[in-house]
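Below is one structure, written out as structure tokens; the observations come after it.
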């Protein structure tokens with residue numbers, strides 16, 4: 001896994017997609033990019049778990065219709081100074097897209 005960090009400005013100006021293995025220098029940067037991604041896709045998500053080592057965001061409509069969209073980031077196992085997307089279910093099965 002290479003250390004290719006995507007910053008928030010670059011993400012907003014390009015046609016980037018979220019993906020497993022995506023790396024962020026800070027959790028705040030990751031949160032900002034997830035927020036921008038969801039605005040770009042016109043969907044909503046909510047944080048379902050947030051600790052010093054893990055961050056999980058799921059579709060806001062999961063309880064209503066079982067949408068499987070989910071992103072989970074954790075501190076890197078190889079370098080705890082950055083965050084990595086370990087789980088990403090990219091398809092919204094709800095009606096919000």
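Using only alpha carbon pairs under 8 Å that are at least six residues apart, calculate the relative contact order of the stretch 8-89 and give it in whole percent.
Normalised by residue count, the contact order of the stretch 8-89 is 30 percent.
According to the Kirkwood expression over distinct Cα-Cα pairs, how big is the hydrodynamic radius of the stretch 8-89, in Å?
Kirkwood hydrodynamic radius for the stretch 8-89: 13.0 Å.
Would you mind ranking 27, 71, 87 by Cβ crowding within 10 Å, fewest neighbours first? Could the numbers behind the result be given before it?
Details: 27 17, 71 24, 87 11.
Ordered from fewest to most neighbouring Cβ atoms within 10 Å, 27, 71, 87 come out as 87, 27, 71.
What nm value, rounded to one decimal, do you get for the distance between residue 81 and residue 28 when each label is placed 7 Å out toward the C-beta?
Simple spin-label model gives 1.8 nm for this pair.
Using 0.36 nm times the number of residues separating residue 36 and residue 65, minus their current alpha carbon distance, what extension gain do you get? Show your work: numbers first, answer last.
Numbers: separation 29, 0.36 × 29 = 10.44 nm, distance 2.35 nm.
Result: 8.1 nm gained on full extension.
Between residue 48 and residue 19, how high is the FRET efficiency from 1/(1 + (r/R0)^6) when r is the Cβ-Cβ distance and R₀ = 25 Å? Nearest 0.05.
0.80
If neighbour count is taken as other Cβ atoms inside 10 Å, put 86, 37 in order from fewest to most.
Going from sparsest to densest Cβ surroundings: 86, 37.
Every number in this text was worked out from the coordinates using simple rules, so none of it is lab data. Every value quoted in this text rests on a predicted model; they were computed, and no experiment measured them. Here Cβ is always computed from backbone atoms with ideal geometry, including for glycine, and neighbour counts include all displayed protein chains.
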